[in-house]
Amino acid sequence: MCEVAPVPRLNVKNNLHHVRNTIHYGSLLRYGHTNMSTKEKSLLASLVITLLVFGNFFLNTLELALADEPIANIGTSLINVVISVIILEIIVQSLLASLSSSQEDDERDLLIERISFRNGYVCLSVGIWIWIAQTTIPIWWVWLDGIQSPLPEALVPVVLLLLFVIAEVTVTVTRLFYHRRGF
């Protein structure tokens, strides 16, 4: 009988600790003092949460896929990851909002947001088109028997989620870049 590999549980407390240390101590070490705006801290917190939680999920899933072990409860682990990100974002963003005054969006912020969403959309579109081509080209040309889709069916939602996460990271990094660098 085939043994199913367990899906590791996410450690929310440990992830919160990493996010707090990265935002607080990382900015102190890099700039000598905290001169980051509230929006920059918020974006950095979102980026760290996204990379920690989803990175952990994708690495664990990749390890299971490369070991040719059956992936158990992929739907449950996807839901757990999304719920963990939502909870972490609510907690961290609430803490950041309570520690600082709110700032109104100006024209510069709206331009940065438009540029970052455009970059994220381009990443997502290119990724989806590459994925569609990779999965359908063997069907179009039946004489290419050597080309097989190496992607197991259980990993299709994981690959699609990876494309969305890459797009979200692109949006966040673009916004951070333009907030730090300016125009």
Report summary line: Once both label points are put 7 Å beyond Cα along the C-beta direction, the residue 110-residue 66 separation in nm becomes 4.7 nm
Requested in this report: Place the peptides 49-59, 114-124 in order of packing, highest mean first, counting for every residue the other Cβ atoms within 10 Å and averaging per peptide.
Outcome: 49-59, 114-124
Query raised in the report: How many Å³ per residue does the convex hull of the Cα positions in the range 83-138 occupy?
Result: 92 Å³
Query raised in the report: What nm value, rounded to one decimal, do you get for the distance between residue 121 and residue 79 when each label is placed 7 Å out toward the C-beta?
Result: 3.3 nm
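The numbers here are math on the coordinates, done by the rules we state, and not lab data. Computed from a predicted structure; not experimentally measured. Cβ: placed from backbone, ideal geometry, glycine included. Neighbour counts: every protein chain shown.
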